[in-house]
Protein chains: 2
Amino acid sequence: MSDRKPTANGVSAAAERVAPHVTRTPLLPLDWRGVRLWVKAECLQQGGSFKLRGATNRLLLLGEDARRRGVVAFSSGNHALGVAIAARRLGIPATIVMPSDAPAVKRDATLAAGAAIVGYDRATESREEIGARLAAEKGATLVPSFDDVDVIEGQGSAGVEIGAQLGRAPDKLLVPCGGGGLSAGIALALPDTEIVTVEPEGWDDMARSLEAGRPVPVREPAPPTRCDALQTKLVSPLTLDALRASGARGVWVSEQEIEAAMAFAARHLRLVAEPGGAVALAALLAGKAGDVGENTVVVISGGNVDPLLYARILETHAAAR
Amino acid sequence: MSDRKPTANGVSAAAERVAPHVTRTPLLPLDWRGVRLWVKAECLQQGGSFKLRGATNRLLLLGEDARRRGVVAFSSGNHALGVAIAARRLGIPATIVMPSDAPAVKRDATLAAGAAIVGYDRATESREEIGARLAAEKGATLVPSFDDVDVIEGQGSAGVEIGAQLGRAPDKLLVPCGGGGLSAGIALALPDTEIVTVEPEGWDDMARSLEAGRPVPVREPAPPTRCDALQTKLVSPLTLDALRASGARGVWVSEQEIEAAMAFAARHLRLVAEPGGAVALAALLAGKAGDVGENTVVVISGGNVDPLLYARILETHAAAR
């Protein structure tokens, strides 16, 4: 481990590095209350979330020896899938430590991408310990989901694309936030943009950490949430510092607002958003992100949702506009 | 009316003309049985279908006088919405003749785009007569949904984008087909590509017309179908001739195959496809389009589906992969 911090230059270099390996996801127009906003549809990324970006950047920077010994990651799903796809493409063996209650849609896709899965119990076991043990046993490299310079810089490639697609820096950008890898990377890529991180109710540790100026853990017991991708209990100094430096602030949305946003995305954007991927859109629709204008971007960060859960959420909200 | 036919040059010119007004929809990778295919996600077009392309091209070519007198279109929904959005953007009054059983999602969006709607009964009234009467009364221009050179050439802009995004002409392209405007336009844009038009079971008049070498109507009574966007009973010589010249052939898919494709699109592509928009994907998944390879493109042409119907289809297919 070095003391290196993620930087804007690092993000630029990562964006060039990963470009041949990731989808340049579209920036789609959304006419909303008389204003044309923009949606970065990162749910259309390969593997269904932005996570391929950071994983690809991290793995491309591994030497030949490290590649041969393989990689280990712990993740509820999207990071697992990103690492699995990147690893398969580069011919690197991958083992994923995944909670036994991870959505089947993510587990199945990770297996289909050729990775090995080691399950654990979210309530009683430590994924960090299991991951560290596996890494030690095999000499494999642990690929963290957000607390890593190369991963953060890789996620920032989404921000580089947004700037290029919009032809300028957005005035404001709303982004789903778990550990903060995506939002920190984007904040570095777009230093003149007002960043608003969005979290599920009761899981707004980034919002509270930004206010406090230091990592503040989630208040226990944290309420249940459908946002399996955003259940991070403590952010990293790496992500927090990048977001603080950009003047970011955080807001939270309710489960009901998230479900409504998923239905809105299907109906008005023809996009499948998973709960955690829809929180920034939910903040927009619920008016929780303050003023928005022509130059606002909303990130939908993922679209891996259990099909039955998704169908039921859409059915519940079918009458709403 | 002139005897002008749609041409490859006309498609090129249309593609340049409409580019500032339409979304360059993404060409997304799809790994399918060990092969990387490509999906043209035209459901992400503004208004939720490719129809904005042809409507925009047609309306941009109207003179000042004609623009002032307005436009009339008849459509079950997607063409209506395309015309309504294009008209609003260009400041042209639009009236849409729409069947009373059109999906509410399409009707509401058309109204939201600022068009007037005149309803009719699909079983007992002729939309052509109503449209012609309205056009005569107001001196408005009738904008046909597919039997029109400018409309066909405008739809072909999707094919121009596909060639540019893929960096070459596809070997094979599967495309949903109603009246044939989109498929004919793409065939003109990509003359070296094998075009396969896909229709719902019992509505395969393009397939049979291509075999017969002349327009052959749908066999009555045509079975019920969820593909409200593809219920065309007779293709146009304009679309048929362009497709015949390219050596296109047609296949059909069942309602069950279409629903399975909609569920597949949500799960594996994170795209909302309407029934008519999913038929080409259905043909791929059901193995009805013959050999496919690295250089195959599947078009998803629209994503405007009734939210409750959509939820129920996804629920039914939630267990399937």
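The values are calculated or read from the model by the stated rules, or taken from the named source; none is laboratory data. Since this is a predicted model, take the numbers as computed values, not measurements. Using ideal geometry, Cβ is built from the backbone for each residue, glycine included, and neighbour counts are taken over all protein chains shown. The accessibility values were calculated without ligands, DNA or RNA, using every heavy atom of the protein model including side chains. Shrake-Rupley method; radii C 1.70, N 1.55, O 1.52, S 1.80 Å.
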With one decimal in nm and the nearest listed first, the spacings from A:Ala116 to its own position in the other copies, using label points 7 Å along Cα-to-Cβ, are 7.1
Based on the alpha-carbon set only, what is the convex hull volume of chain A divided per residue, in Å³?
117
14 Å reach of a label modelled at B:Asp291, 7 Å along Cα-to-Cβ, counting backbone N of the range B:150-180:
B:171-172
Approximate spin-label separation B:Asp241-B:Arg133, in nm, with each point projected 7 Å along Cα-to-Cβ:
3.2
Calculate, for B:Val35 and A:Asp108, the FRET efficiency according to 1/(1 + (r/R0)^6) with r their C-beta to C-beta distance and R0 22 Å; round to the nearest 0.05.
0.65
Just the accessible area per residue of the protein assembly as shown, please: how many Å² with a 1.4 Å probe?
37
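Sum -39500 (n - 2.57) across every DSSP H segment of at least 4 residues in chain B, then divide by the residue count to get the 222 nm mean residue ellipticity, nearest 500. Before the final figure, lay out the partial values.
Working: 14 runs with 131 residues, N = 321.
Roughly -11500 deg cm²/dmol at 222 nm, from the helical runs in chain B.
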Summarise the accessible area of chain B (1.4 Å probe, protein heavy atoms) by the percent that is carbon and sulfur.
50
Order by protection proxy (mean Cβ within 10 Å, highest first), peptides A:51-62, A:90-101
A:51-62, A:90-101
Report the normalised scattering of the protein assembly as shown as log10 I(q)/I(0) at q = 0.06, 0.07, 0.08 Å⁻¹, calculated by the Debye formula with identical scatterers on the alpha carbons.
-0.32, -0.44, -0.57
Extension gain, A:Arg249 back to A:Arg69 (0.36 nm per residue minus Cα-Cα distance, nm)
60.8 nm
In Å³ per residue, the alpha-carbon convex hull of the range B:191-321 encloses 108
Can you give the angle from 0 to 90° between the axis of helix B:51-60 and the longest principal axis of chain B, with both taken from C-alpha atoms, to the nearest 10?
30
Place a point 7 Å from the Cα of B:Ala319 along the Cα-to-Cβ direction; which residues of the range A:87-115 have their backbone N under 12 Å from it?
none
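Output the direction-averaged projected area (hull surface divided by four) of the convex hull of the alpha-carbon atoms of the range A:52-147, in nm².
Convex hull of Cα atoms, orientation-averaged projection: 5.4 nm².
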If I take R0 = 45 Å and measure r between the Cβ atoms of B:Arg312 and A:Arg4 in this structure, what FRET efficiency does the formula 1/(1 + (r/R0)^6) give, to the nearest 0.05?
0.30
Pseudo-label separations to other copies for B:Glu16 - Cα-to-Cβ vector, 7 Å, nm
3.3
Which shape class applies to the range B:119-251: rounded if a/c is under 1.5, otherwise prolate when a/b exceeds b/c and oblate if not, where a ≥ b ≥ c are the square roots of the Cα gyration tensor eigenvalues?
oblate
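Express in nm, to one decimal, how much length is gained between B:Glu211 and B:Asp192 on full extension, taking 0.36 nm for each residue of separation and deducting their alpha carbon distance.
Stretched out fully, the B:Glu211 to B:Asp192 stretch lengthens by 4.8 nm.
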Chains A and B: buried accessible surface, both sides, probe 1.4 Å, rounded to 100 Å²?
2500
Occluded residues from the range A:263-299, i.e. those whose accessible area drops by 50 Å² or more once the chain is not alone (1.4 Å probe):
A:Arg267, A:Arg270, A:Val272
How far, in nm to one decimal, is B:Leu61 from itself in the other copies if the label point is set 7 angstrom along Cα toward Cβ? Shortest first, please.
5.3
Taking the chain alone as reference and the full protein assembly as comparison, with a 1.4 Å probe on protein heavy atoms only, the residues of the range A:35-50 that lose at least 20 Å² of accessible area are A:Arg36, A:Leu44, A:Gln46
Normalised contact order of chain B, rounded percent, pairs of Cα under 8 Å and 6 or more residues apart
20
